[in-house]
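Some notes on the structure that comes next.
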Amino acid sequence: MSGTEKGKAHAEQAKGKVKEAVGRAVGNERMTAEGQADQAKGSARHAKEDVKDTFRH
């Protein structure tokens with residue numbers, strides 16, 4: 001099982017949420033977009049690990 005990869009995915013999602021919130025607070029559209037992209041990458045990584053786990057069992 002790739003628990004470390006899932007942990008990285010959760011961390012990336014959390015980082016993205018913080019980045020998005022800070023971007024909105026300061027009015028920085030680029031930072032907001034980067035935060036949303038980080039969240040999407042984290043979600044994709046998590047989904048990939050879920051698929052891998054499904055095929056392992």
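The values are calculated or read from the model by the stated rules, or taken from the named source; none is laboratory data. What you are looking at is a predicted structure, and each value in this text was computed from that prediction instead of being measured. Neighbour counts are summed over all protein chains in view; Cβ atoms, including those assigned to glycine, are modelled from backbone coordinates with ideal geometry. All accessible areas refer to the heavy atoms of the entire protein, side chains included, with ligands and DNA or RNA removed. Shrake-Rupley method; radii C 1.70, N 1.55, O 1.52, S 1.80 Å.
Some points to look at:
- In the chain, helices alone account for a calculated mean residue ellipticity at 222 nm of -32500 deg cm²/dmol, with every DSSP H run of four or more residues adding -39,500 (n - 2.57).
- Here mean projected area of the Cα convex hull in nm² was calculated from the structure, and among [x] 3.3; [y] 4.0; [z] 5.3 it sits at label [x].
- Solvent-accessible surface of the chain, taken per residue with a 1.4 Å probe and all protein chains present: 70 Å².
- With every protein chain in place, the chain: carbon and sulfur % of accessible area (1.4 Å): 58
- Taking all Cα pairs closer than 8 Å and separated by 6 or more residues, the relative contact order of the chain comes to 41 percent.
- Extension gain (nm, one decimal) between K17 and S43, 0.36 nm per residue minus Cα-Cα: 8.2 nm
- Cα-centred dipole magnitude for the chain, charges only on beta-carbon of K, R (+1) and D, E (-1), debye, nearest 20: 80
- Coupling constants for region 4-15 follow from the phi torsions by the Karplus curve (6.51 cos²θ - 1.76 cosθ + 1.60, θ = phi - 60°), and in residue order they are 5, 5, 5, x, 5, 5, 5, 5, 5, 5, 5, 4 Hz; glycine and proline get x.
- Restricting attention to the chain, the count of lysine pairs at 8 or more positions apart or across chains with alpha carbons under 15 Å apart stands at 10.
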